[in-house]
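**Q** Just passing along the structure, written as structure tokens.
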Amino acid sequence: MKRMPAFHFAAALVLFGAVSADAADTINTQELAVRVEKLADGLEHPWAVEVLPDGAYLVTERPGRMRIVRDGKVSDPIVGVPKVSARGQGGLMDVALAPDFATSRKLYFTAAIASSQGSGTEAFSATLSTDEKTLDAVTPIFTMRRFTSGNIQYGSRIAIAPDGTLFITVGDRGNRDRSQNWQDDAGSIIHINADGSIPADNPFRDGGKALPEIWSKGHRNPQGITFDAKDGKLYTVEHGARGGDEINQPEAGKNYGWPIITYGRDYSGAEIGEGTAKEGLEQPLHYWDPSIAPGALIVYRGAMFPEWDGNFIVAALKFQLLSRMQRDDGGAFVTEERLFKGEYGRVRDVVVAPDGALLMVTDEDNGALLRISRAQARNG
């Protein structure tokens, strides 16, 4: 069992705010000045963004729409998105472009889908028409096997592995015990091939101990998942209850503890489970208390901010910020810089653009797509 580093950092946590309130703000961070530019607003609870080959942006809105943002203009909704269950935390959520999208036009997306049994997380493949107006060949490739009532904790991020397989996060749907049921997709990281079939390296491919699509269990509500482009390692970030938001490194067949162990408490203040550690259950790489309500996660590998190489950057809803976290040579998180706190709203997604800039979307009624680039040298 891995030893858990304390959530208190060796270096001080630093907050930085905007120098100006213009459409393009210059913000001094700990190491450099950045420029925050609004590329589009008027988006209704945007959940995810991807960069198209020509530099335009594909954005999802939770009520069930995909749109293209190009040259500051927001397109009409793309036709062909299936009906989603846009209730509570549910709706249209993540989108990811296939590695060969430039030629295949193929993409993947996730949504909360309703049935007579309730709702649950579902993933689809589709192709975007060349005129960008229609989704064609929309095909379910993963559907969680048990739909239930309630409209919270769907998880629903996608990460594409170097071999083209998909890792998909699924939350516990508000029923914590489901995270320890190995015959239930809830509270899991799912691993499938691009067509929905089961990869040969899945730990439970034979379906004996667990469902064959399950990669790891014991997760509460993971809403961030990413691969480090340098070493190919997989990382997730997930919501705790009151405290106990976690960064994990999901490995095949392992159990990450929720709700048997956790660093959080119930919203009532009551203790959850059996404490913070138990033999056979994995420790997080890091946890937050109080919670920041994490959204998406990236490991920064880009040309624009070499000072941030290898840093973890986490979108945060509750505190309306980006958390930039640095690790030491042993892999322990040692500093956290909280960027943009309260400046732009609830940050749901963060991605690295091809030029190394950061893109983020704000999960608001009047949500925005923002670009963070390098500014001129800071003053003073």
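The values are calculated or read from the model by the stated rules, or taken from the named source; none is laboratory data. Everything numeric here is computed off the predicted structure, so don't read it as measured data. Glycine also receives a Cβ, built like all others from the backbone with ideal geometry; neighbour counts cover every protein chain displayed. What goes into the accessible areas is simple: the full protein's heavy atoms, side chains included, and nothing from ligands, DNA or RNA. Shrake-Rupley method; radii C 1.70, N 1.55, O 1.52, S 1.80 Å.
**Q** Taking Cα centroids, how far is segment 36-58 from segment 267-287 in Å?
**A** Using only Cα atoms, the two centres lie 37 Å from each other.
**Q** At a Förster radius of 51 Å, what calculated FRET efficiency corresponds to the Cβ-Cβ distance of Arg265 and Ala102, to the nearest 0.05?
**A** After rounding to 0.05, the efficiency reads 0.60.
**Q** Right, next: Explain nothing, just the number: relative contact order of the chain, from Cα pairs under 8 Å at least 6 residues apart, as a whole percent.
**A** Working: 1109 pairs, mean separation 64.8, N = 380.
RCO, the chain: 17 percent.
**Q** What whole-number distance in Å separates the alpha-carbon centres of segment 348-377 and segment 122-187?
**A** Between the Cα centre of segment 348-377 and that of segment 122-187, the gap is 24 Å.
**Q** For the chain, give the percent of accessible area contributed by carbon and sulfur heavy atoms, probe 1.4 Å, rounded to a whole number.
**A** Numbers: 7030 of 15030 Å².
The value for the chain is 47 percent carbon and sulfur by accessible area.
**Q** Keeping all protein chains in place, calculate the accessible area per residue for the chain (probe 1.4 angstrom), answer in Å².
**A** Numbers: 15030 Å² over 380 residues.
Using a 1.4 Å probe on heavy atoms only, each residue of the chain averages 40 Å².
**Q** On to the next question. Taking 0.36 nm per residue of separation and subtracting the Cα-Cα distance, what length does fully extending Val138 through Ala161 add? Don't skip to the answer; put the middle values down first.
**A** Values: separation 23, 0.36 × 23 = 8.28 nm, distance 2.14 nm.
Extra length from Val138 to Ala161 when fully extended: 6.1 nm.
**Q** Roughly what % of Cα-Cα distances in segment 106-149 sit above 16 Å, to the whole percent? Could the numbers behind the result be given before it?
**A** Numbers: 412 of 946 pairs.
Of all Cα-Cα distances in segment 106-149, 44 percent exceed 16 Å.
**Q** Further question on the same structure: Subtract the Cα-Cα distance of Ser116 and Ser197 from 0.36 nm times their separation in residues, and report this length gain in nm to one decimal. Walk me through the numbers on the way to the answer.
**A** On the way: separation 81, 0.36 × 81 = 29.16 nm, distance 2.55 nm.
Once the chain is fully extended between Ser116 and Ser197, it gains 26.6 nm.
**Q** Give the Cα extents of the chain along the principal axes, in whole Å, largest first.
**A** The Cα atoms of the chain stretch 59, 52, 38 Å along their principal axes.
**Q** In segment 256-307, which chymotrypsin sites (Phe, Trp or Tyr not before Pro) are in a loop and have at most 14 other Cβ atoms within 10 Å, using DSSP for the loop call? Each step should come with its number before you reach the end.
**A** Values: sites: Tyr256, Tyr263, Tyr267, Tyr287, Trp288, Tyr300; in loops: Tyr256, Tyr263, Tyr267, Tyr300.
Answer by residue number: Tyr267.
**Q** Continuing with the same structure: Given Cα pairs under 8 Å that are at least 6 residues apart, what percent is the relative contact order of segment 116-272? Provide the component values of the computation, followed by the final result.
**A** Working: 385 pairs, mean separation 26.4, N = 157.
Normalised by residue count, the contact order of segment 116-272 is 17 percent.
**Q** Build a GNM of the chain with springs between Cα atoms under 10 Å: which of Ala161, Ala137, Ala123 gets the top mean-square fluctuation?
**A** Checking each option, the largest mean-square fluctuation is seen for Ala137.
**Q** Still on this structure, I have one more. For segment 254-262, what does the Karplus curve 6.51 cos²θ - 1.76 cosθ + 1.60, with θ = phi - 60°, yield as ³J(HN,Hα) per residue in whole Hz, taken in order and with x for Gly and Pro?
**A** Per-residue couplings from phi come out as 8, 10, 9, x, 5, x, 5, 10, 6 Hz.
**Q** Now for a separate question. Report ³J(HN,Hα) in whole Hz for each residue of segment 31-37, in order, from the Karplus equation J = 6.51 cos²θ - 1.76 cosθ + 1.60 where θ = phi - 60°; Gly and Pro get x.
**A** 10, 6, 9, 10, 10, 10, 10
**Q** Would you please calculate the Kirkwood hydrodynamic radius of segment 234-327 over all C-alpha pairs and express it in Å, rounded to one decimal? Kindly include the intermediate steps, with their values, before the conclusion.
**A** Working: mean 1/r = 0.0707 Å⁻¹.
Evaluated over segment 234-327, this radius sits at 14.1 Å.
**Q** Ranked from highest to lowest mean number of other Cβ atoms within 10 Å per residue, what is the order of the peptides 147-154, 27-34, 216-223?
**A** Values: 147-154: 18.8, 27-34: 17.2, 216-223: 26.6.
Per-residue mean Cβ counts within 10 Å order the peptides as 216-223, 147-154, 27-34.
**Q** Can you tell me, using C-alpha contacts under 8 Å and at least 6 residues apart, the relative contact order of segment 171-264 as a whole percent? Please list the in-between numbers first.
**A** Details: 200 pairs, mean separation 24.2, N = 94.
After rounding, I find 26 percent.
**Q** Around Lys254, which amide H atoms from residues at least 5 apart in sequence, or from another chain, sit under 5 Å from its own amide H, with H modelled in the peptide plane?
**A** Correct list: Lys217.
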